[in-house]
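Every read-out reported here was derived from the displayed coordinates using simple, explicitly stated rules and does not represent laboratory data. Predicted model, so just to flag it, every value in this text is computed and none were measured. In this analysis, Cβ positions are derived from the backbone assuming ideal geometry, glycine residues included, and neighbour counts consider all displayed protein chains.
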Amino acid sequence: MTLGALAVGVISLSAFLAWEARATDPMLPLRLFRSRPFLGANATGFLMIGTLSASAFLVAQYFQLGLGYSPMQTGLRLLPWTATPLVIAPLAGKLSDRIGRRPILSLGTLLQGVGIEWLAILASDHVNYSALVPPLILSGVGIFMAMPVAATAALSAVPPADIGKASGVNSTLQRFGSVFAVAVASAVFGAFGKLGAADTFLSGFRPALGVVGALALLGSVTALAVTSGPSLRSGRGRRAQEEIGADTPVEGRIFSTKRSISSGTLRPAPPADSPSPSPNQPSAGNDGGPKTRSCNHYVAGEGIR
């Protein structure tokens with residue numbers, strides 16, 4: 001049954017990709033995946049969220065079946081792991097603005113994987129809870145360093161017109177990552193252990209959690225493909241623009257379009273040979289409507305500057 005379901009899934013996915021490749025207005029533009037930063041950011045999100053879901057699935061059962069805690073006691077003891085976003089996520093976002101997304105994303109998934117592997121090594125039916133706190137904190141710090149940066153890296157790798165579709169791809173692949181990682185963890189657990197006594201549970205828990213931690217470590221490698229965006233004035237930047245299908249004039253360090261703003265909408269800018277109004281000087285619209293002003297840089301993921 002498992003192989004049959006897998007075969008149906010592969011066939012369905014192949015048919016979907018074939019349809020999208022031939023569609024004139026595809027829901028999923030496959031050209032987006034020619035961008036290495038976009039592909040790297042989505043692969044990292046897939047592995048990162050998969051690791052989070054599968055490790056939470058396993059560790060919650062370990063605390064109850066392996067260590068004998070109640071559901072309430074388990075939830076309280078997992079707070080060092082799950083409460084870290086209150087502090088870490090805002091700091092990670094600010095730090096990524098200073099040093100770039102790639103180091104934050106790669107380091108975050110690395111810490112996540114190291115924390116999970118550390119927990120798998122310590123796991124036993126007699127370990128003291130205090131010994132589990134450091135790996136829980138380390139893993140929590142790592143995942144919530146990477147989580148807010150992954151989506152930003154994916155959306156910043158596409159032109160403004162494709163941001164909506166790119167967001168859908170990013171969100172869907174993260175959900176697929178959760179399903180994939182939980183399925184892999186369950187398969188490994190079933191191969192080495194079973195539910196029941198603490199010792200048989202631990203026989204399956206350790207290798208399953210070890211495999212899950214390896215997914216996060218792999219995510220730290222895929223994160224190296226993420227960049228802050230090549231300068232589009234360079235030959236490399238122009239090639240990147242062509243690869244993902246940006247069809248508007250671009251300049252600057254990320255994708256920028258020369259547009260005008262009127263009532264919250266984008267309008268084509270005047271021809272290059274016509275005089276351009278000052279950014280702070282209003283001008284009347286052609287139809288006598290609301291006044292507009294020139295906006296020379298509209299950057300994906302950063303708004304108007």
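Assorted remarks:
- By average C-beta atoms within 10 angstrom, highest first, the peptides 195-204, 9-18, 124-133, 31-40: 31-40, 195-204, 124-133, 9-18
- Take 49-61, 137-149 and order them by the average number of nearby Cβ atoms within 10 Å per residue, most first; the result is 137-149, 49-61.
- Leading residue at positive end of dipole, the stretch 30-225 (Cβ point charges), from Leu86, Phe189, Ser35: Ser35
- With the biggest extent put first, the Cα atoms of the stretch 30-225 measure 55, 33, 25 Å across the principal axes.
- Qualifying trypsin sites (Lys or Arg not before Pro) for the stretch 122-201 [loop in DSSP, other Cβ within 10 Å: at most 15]: Lys194
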